[in-house]
Structure formats: structure tokens, C-alpha cells
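Undergrad: Here's a structure for you.
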Amino acid sequence: MSEFALNTVMAHIKGDHMEDLVMTSSDHSRIEAHPYMAPQSSSFNAVAANQPSVLPAVSSGKSPRKLRFHLLMLTAFLLMDTMLSSCAMARPFKRRVEGQRQSAASKPVNVSTSGTAYSPLISGAPIGSNKLDIYPCKQASGRPCPTLVYVHGGSLMRGDKRSVGSMPELFNRNGFCLVSLNYPVYGRPIPGLIEQQMSALSSATAWLKGNLGRVNPSCSMNDAAIMGHSAGAYLASLLATSPQYGTSADAYQKFILNDSNWYTGKVGRYKDSLAIIFGKNAVSGSGKNSTIAKWVPAQLVKSSCPKESSPTDVMIMYSTQRPKSQQAEIRSFANTLNGCSAFNASLSAHGYDHKAMHTSIGKPGSTTGAAILAFLKR
């Protein structure tokens, strides 16, 4: 942050019965008068920091009333001078601040470009949006390890596959491969955003089914699970509940939904973004082609409960630091899932905040990591 240097102006005034030092500063914060013993050799002495003296001398011999008038005029002149100087400096400062805001708004998203491509890059998507990272397990036997696929969060706008924290070590040493994948994020809402992201999840799943064992023989998609945090949990829940993605959902035996509250469609605070992604009628409308019917997991389960021979296990994790209303919505979604014979949903509540619901996984004593491992192994 730039700082203005104070431009303090002082004037010494001597006259009958009055001898003062007047100070005014360019931050307009004060005008001070202090007793001052002026030198005998002059009746007026002006000192101005960083500017010349431009005021006429005030001669001695004036009456106290006239001296007070001169003092008032002098103070007014100095105050006006410093105000004009500060205004002149403030204009370029304002332009710099506005420029910084524009630069921050247009700052590109940070998407890692390393890893293995699971599909061609979607047109216009950031480079690296089609990549995934594989963390092989530490095999205790000759059999391949089951795989946990991780979908990062970031409000659908940001995030990256590198945000795995301590998860690779936790899952690898417990007999699981971890795959963390990128999907298209733009740093802003765009039309068709969720369609792109769900297409990426489907493509990644298809690639893993066909290629994971060949690329890394220690990993297998048999008994695979998928886990998402925040917006990633919402995308994973769509994979589980939407008939449109049924083939991809069948690749996973278990779903772990970690601390999202987008399951029921009560996301009015995102209405501006939703209007861009889905159109102006994003949060309204009815019928089978409405936004609510196509992109709200709870509504999808109510309108099209899949016919499965055996239920899919779903663990819904959430933070008890969330508002009570949001916790109630999450529990309501679990009840909706259990109302459909295709799902067997359970709840897992934790005292961490939203960020720590993710970052705590794999840390010593973490309740989130312990709950996930217990769910995967049951």
C-alpha cells in the first residue's frame, strides 16, 4: 500500500503581545499554535518543508486584532495549499488502486499442467484442466489396490488437483491408490460450466476404467470409490444421482461427500453466478427440463430413483460449525437418499471448519481421516 508523506508547514509570527508557531499538515488532521520565542533579528520567519516561502512578512507594530486577522489568513492559506497538494497526489493513487483491482479480477486461475491427460482439452478451458495425478499404494500383497478418486473443491470456479495435503500418505499406507483430478475452472461463472465439469468427471472415470491398471499395475478400479470436498462433493453427488451420468456412477462402489450444502438447491446466495451458468431462470422454473430437476441432487433422487440390485453406500460428511439451517439441509438430503432403495446413506459430523474438513484428512488424530478409512474398509 502506498503512503503519502506528510507535508508539514510552519510559520513563525511575532508582534505586540503575540508570538506563536502555527503548524498545519497535509493530512488535514490538525492546526496547532504553540508559544515560540522568535529571534530578535527578524520580525517574521517562514519555514516550509519541501516548498518555498511565498507569504509576505508580517511587520511588528500591528495591533493584536490585526495580528490575529493575519494569523487566521495565514492558517487558511496553508490549509488550502496542503489540501490541493494532497488532492493532486490522491488522483494517481486512486488510479493505481483501481488498476490493482482490475488486475486481481482478471488474474488467471492456477491450474497445474503436470500429470496424465485423461481426455482432450475442452475448448477454451485452462491448460491442465484435463490432467490427473496417480498416487500408487504400498502393496502388502500381490493384488492391486482399490482406488479412491478425489474431486477438489473451489466453488466451481477455482481449485486444483494438487490440493491433496496429507491424503496420499494416509490412503497409500492403508492399501488404497489415490487419484486426484482436475476439471475445467475459469475463476468466474460461465454458461454451461457444470456441464463441462460433469463431462470431465465422466471422461476421467472412463479413462481410469480403461487405462489405470495398464499405466500403474498396482492400482485397480475394482471396488473404487470417489470423494469430493465442497463443490467437488456437489459434482460427485450429481454423478451419483443423475440418470445422465449413470454409466460413470456404476464405476464406483462408494461415494464420500465432504461438507457441501448444494444438495437441496437452497443456494440463493449464489443466484448471480447460477444465472450466468444456467440462464436468468436458474433458480426458478418447473418441469423435467428445469434447472432444479436437472442439477439439484435431492430433486433428482425424488424424480428418478435409480433401480439398482444393491444400494450404493454414500457417506455425507459435514462441519458442525455450519449454520443450523445448513446442517438441517444436509441431513434432509441424507433422508432423501435413504428414501430411495438405490442408496444407503450415512452421516458423519465433525467439529472442524469448512476448510479443515479437507486439510485435516491424514493429520495425526484427525477424525475426518479415521471416518473415511472406516467407511472405505467396511
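Undergrad: Restricting things to Cα coordinates, could you compute the convex hull volume per residue of segment 130-232 in Å³?
TA: 84 Å³
Undergrad: Using packing as a proxy for protection, rank 296-308, 261-273, 233-245 so that the peptide with the highest average count of other Cβ atoms within 10 Å comes first.
TA: Top of the packing list down: 233-245, 296-308, 261-273.
Undergrad: How far apart, in nanometres, would the label points at residue 195 and residue 174 be if each is projected 7 angstrom from Cα along the Cα-to-Cβ direction?
TA: 3.9 nm
Undergrad: Enumerate the calculated ³J(HN,Hα) couplings along segment 357-374 in order (Karplus 6.51 cos²θ - 1.76 cosθ + 1.60, θ = phi - 60°), each rounded to whole Hz, writing x wherever the residue is Gly or Pro.
TA: Per-residue couplings from phi come out as 4, 9, 5, 6, 5, x, 7, x, x, 5, 6, 5, x, 5, 5, 5, 4, 4 Hz.
Undergrad: I've got another one for you. Taking the Cβ of residue 175 as the center, what net charge do the other residues with Cβ under 10 Å away carry, scoring Lys and Arg +1 and Asp and Glu -1? Don't jump to the answer; show the numbers that get you there.
TA: Values: positive: 138, 143, 173, 377; negative: none.
Local charge sum for residue 175: +4.
Undergrad: Considering only the other residues whose Cβ falls under 15 Å of the Cβ of residue 359, what net charge follows from Lys and Arg at +1 and Asp and Glu at -1?
TA: Neighbourhood net charge equals -1.
Undergrad: Does segment 192-251 come out rounded, prolate or oblate, given a ≥ b ≥ c as the square roots of the eigenvalues of its C-alpha gyration tensor, rounded meaning a/c under 1.5 and, failing that, prolate meaning a/b above b/c?
TA: Prolate shape, in that a/c is at least 1.5 and a/b is the bigger ratio.
Undergrad: Separate question: Give me the accessible area per residue for segment 232-378, probe 1.4 Å, as a whole number in Å².
TA: 47 Å²
Undergrad: Sticking with this structure for a sec: Share of segment 168-253's accessible area from carbon and sulfur, percent, 1.4 Å?
TA: 45 percent
Undergrad: Same structure again: Taking a ≥ b ≥ c as the square roots of the eigenvalues of the Cα gyration tensor of segment 228-378, is the shape rounded (a/c under 1.5), prolate (a/b larger than b/c) or oblate?
TA: oblate
The values are calculated or read from the model by the stated rules, or taken from the named source; none is laboratory data. Quick caveat: nothing in here was measured; it's all calculated off a predicted structure. Methodologically, a virtual Cβ is constructed for each residue, glycine included, from the backbone with ideal geometry; neighbour enumeration extends over all protein chains shown. Heavy atoms of the whole protein, side chains included, go into the accessibility calculation; ligands, DNA and RNA do not. Shrake-Rupley method; radii C 1.70, N 1.55, O 1.52, S 1.80 Å.
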